[in-house]
Amino acid sequence: MTVSSIGLNPTDAIACGTSSRDALSAAFDRCATGIYRFVAYRVGDPHLADDLMQQVWLAAIRSEGRVPPAELEPWLRGVARNLIRNHWRKQSQRPEHLPILDADFAAELSRRLVEEDIPDDVLSRRETRSQLMLAITALDADAQEIVIARYFDDTSHAQLAVRFNVSERAIEGRLYRARQSLRATLERLDEEGLCER
C-alpha cells in the first residue's frame with residue numbers, strides 16, 4: 001500500500017515544496033500497509049477501505065508539517081479510526097459479519113499471552129482470531145508485519161532475519177516487543193475504541 005496505489009499522486013493534491021511532500025509521502029508509505037489492515041479489517045470491504053485510505057492521505061496532506069514524523073503513524077491511525085466511526089454512524093448500522101470487540105475475552109487473551117501458550121484449538125476459533133486480528137491491526141506497521149509473518153505465515157526466525165536484514169537475536173527481540181505490544185493492545189482495546197461497535 002503506497003500513496004500511488006490508492007490512486008493519488010502525492011505532488012498533485014496541494015502545491016507545496018517537493019522535499020516536504022516527498023518526505024510526507026515516504027513516511028505515509030512506511031505505515032500505510034499497517035493502517036490499511038486496520039481499516040480493512042474493521043470495514044470488511046476492500047473498496048471502502050481504499051476510499052477511507054484516500055481520505056487518510058488527504059488528512060495527512062492537510063496537516064503537513066503539523067504532525068511530527070515520529071507521531072505520524074499513530075496520528076494517521078486515529079484519523080482512520082475517526083473515519084470508520086463516521087462511516088458507520090452515517091450508515092446507521094454496522095454489518096453483523098464484522099468482528100466486534102469482546103472486552104472480557106480480549107482481557108482473557110491478554111492474560112493467557114503472558115501466562116501460558118494458547119492451545120491451537122483455542123487459536124483456531126473464529127472469536128479468538130477476530131479478537132487477535134483487532135489487536136494486531138491496531139499495532140504499528142512493523143509490529144504487524146513481524147507478528148503476521150511469524151504466527152500466521154509460519155515464517156521462521158532465520159527467514160525473518162533475512163527478510164529484515166538483521167540477526168536472529170534481533171528478530172527474537174522484535175517478536176518479544178511485538179508480543180508485549182499485542183498484550184497491551186488487547187488490554188486497552190475497548191478503552192480506546194479501537195473497534196467500532
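Only a single criterion out of (1) surrounded by fewer than 22 Cβ atoms within 10 Å (Cβ to Cβ); (2) part of a helix (DSSP H, G or I) is not satisfied by residue 64, namely (2). Within the range 95-117, identify whether any single residue is at pLDDT 70 or above, assigned by TED's automatic domain parsing to the domain that holds residue 171 and over 16 Å from the mean Cα position of the chain (by Cα), and answer yes or no. Within the range 95-117, none of the residues are at pLDDT 70 or above, assigned by TED's automatic domain parsing to the domain that holds residue 171 and over 16 Å from the mean Cα position of the chain (by Cα). So, in the range 44-55, exactly how many residues are surrounded by fewer than 22 Cβ atoms within 10 Å (Cβ to Cβ) and part of a helix (DSSP H, G or I)? Adding up the residues that qualify gives 7.
Condition check for residue 63 on (1) over 23 Å from residue 136 (Cβ atoms); (2) modelled with pLDDT under 85: one failure, at (2). For the range 76-93, filtering for residues that are surrounded by fewer than 17 Cβ atoms within 10 Å (Cβ to Cβ), part of a helix (DSSP H, G or I) and free of Cβ contacts under 8 Å to residues at least 40 places away in the same chain leaves 6.
The values are calculated or read from the model by the stated rules, or taken from the named source; none is laboratory data. The structure presented is a predicted model; accordingly, all values stated were derived computationally and were not measured. Reconstructed Cβ throughout: ideal geometry from the backbone, glycine too, with neighbour counts over all protein chains shown.
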